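Asks: The structure's right below; bear with me while I get my questions together.
Only the coordinates and a few stated rules stand behind these numbers; no lab work does. If you're wondering where the values come from, they're calculated on a predicted model, not measured in any experiment. Cβ sites come from the backbone with ideal geometry, for glycine too, and all protein chains shown count toward neighbours.
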Amino acid sequence: MDDDQDENAYTWEGDYEKTWDVLKEDQSGSLQESIEAEIIRAKKRRLMKRNVNIRLGMMRHVFVIIDMSLAMNDHDLKPNRAVVTLKLLQKFVNDFFDQNPISQLGFITTNKKRSFLLSDLSGTAHNHIKALTTLSVEVIKTNGKNCIGEPSLQNSLEMAEKALSHMPSHTSREIVVVMASLTSCDPDPIQDTIDLMKKKKICCNFIGLSAEVYICKKLAESTNGKFGVILDESHFWVMLTDFIPPLEGSSTESSLMKMGFPYHVPSDKNEKISYSMTVNKFTIGGYYCPQCRAKYSALPVECVV
């Protein structure tokens, strides 16, 4: 009788899965152990999916868009989402340039229905960390009062697009959006922005801090990007590390480039003062080009010769 009932069961009954059974309480009643085990399994799955014997892109131009709206004041991450996000991004900057030494990174914030440039595209980790630290200190001092209003996904993406569209075809153009809000206030239809990103071949990725948002997932899928929602702070960092290794170079054009490796002179008191081509003023120490012997304060740079 039971066998007949199983055969005649509805399809939706057979496909139904109790996803909450994956999480089990420990002796103290906490779910943390199950969550950590699930994060480790997900990390192993990502490592197994990585292809071998592929060409990786050497030069990357990446903009990170940070949602600084009212939703960043939530306390599901301690002390709040904004502080944790800025702290992890500071760590992300160092690891990014460790694996991508000749790439460039930039940061954009969005709130009050507008977008703001936090730090421009640059290969200097110090400038980005300084900007992120300053913003983090402001959030802590004001108790999150500078996290206000709604974000504008469209304005942020278009600001990043204007800077990335001028980059050469042999470099990758990427955007990573850290989104906490479930809404976005945009001046025009977001589909226009999706079409623009596809046309410009800009890969858009999303890390959700709240829940899955349809338009964000659609934009990521349309541009061959990644989309995910965090479980906790440790999972947040795991998702950020996915954007540290160089991408596959299949989407970029091959191009021969002449590269030089400048020698660095420390900025100590014994060094002579000289003119820096980067800041257009006299400084102590810097990087000297092996071709033209000019001094620069930051890397990477393009030789004027």
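Asks: Mind scanning LYS87/LYS218; LYS78/LYS162; LYS200/LYS281; LYS44/LYS226 and naming the pairs with a C-alpha gap bigger than 26 Å?
Replies: From the list (LYS87/LYS218; LYS78/LYS162; LYS200/LYS281; LYS44/LYS226), the Cα-Cα distance tops 26 Å for LYS87/LYS218; LYS78/LYS162; LYS200/LYS281.
Asks: Also, I was wondering about something else. Calculate the FRET efficiency for ARG114 and ASP232 from the Cβ-Cβ distance with a Förster distance of 25 Å, rounded to the nearest 0.05.
Replies: FRET efficiency, ARG114 to ASP232: 0.25.
Asks: Rounded if a/c is under 1.5, else prolate if a/b beats b/c, else oblate: with a ≥ b ≥ c from the C-alpha gyration tensor eigenvalues square-rooted, which is the range 102-196?
Replies: Judged from the Cα gyration tensor, the range 102-196 comes out oblate (a/c at least 1.5, b/c at or above a/b).
Asks: Compute from the Cα atoms of the range 25-183 the Rg and the Dmax, the latter being the longest Cα-Cα distance, and quote both in angstrom.
Replies: Both quantities, over Cα of the range 25-183: 17.7, 57 Å.
Asks: Search the structure for amide H atoms under 5 Å from the amide H of MET59, placed 1.01 Å from N in the peptide plane, and list their residues when 5 or more places away or on another chain.
Replies: Under 5 Å from the amide H of MET59 lie the amide H atoms of SER172, each far enough along the sequence or on another chain.
Asks: Could you rank the peptides 84-95, 289-300 by their average count of other C-beta atoms within 10 Å per residue, with the highest value first?
Replies: Descending mean neighbour count gives 84-95, 289-300.
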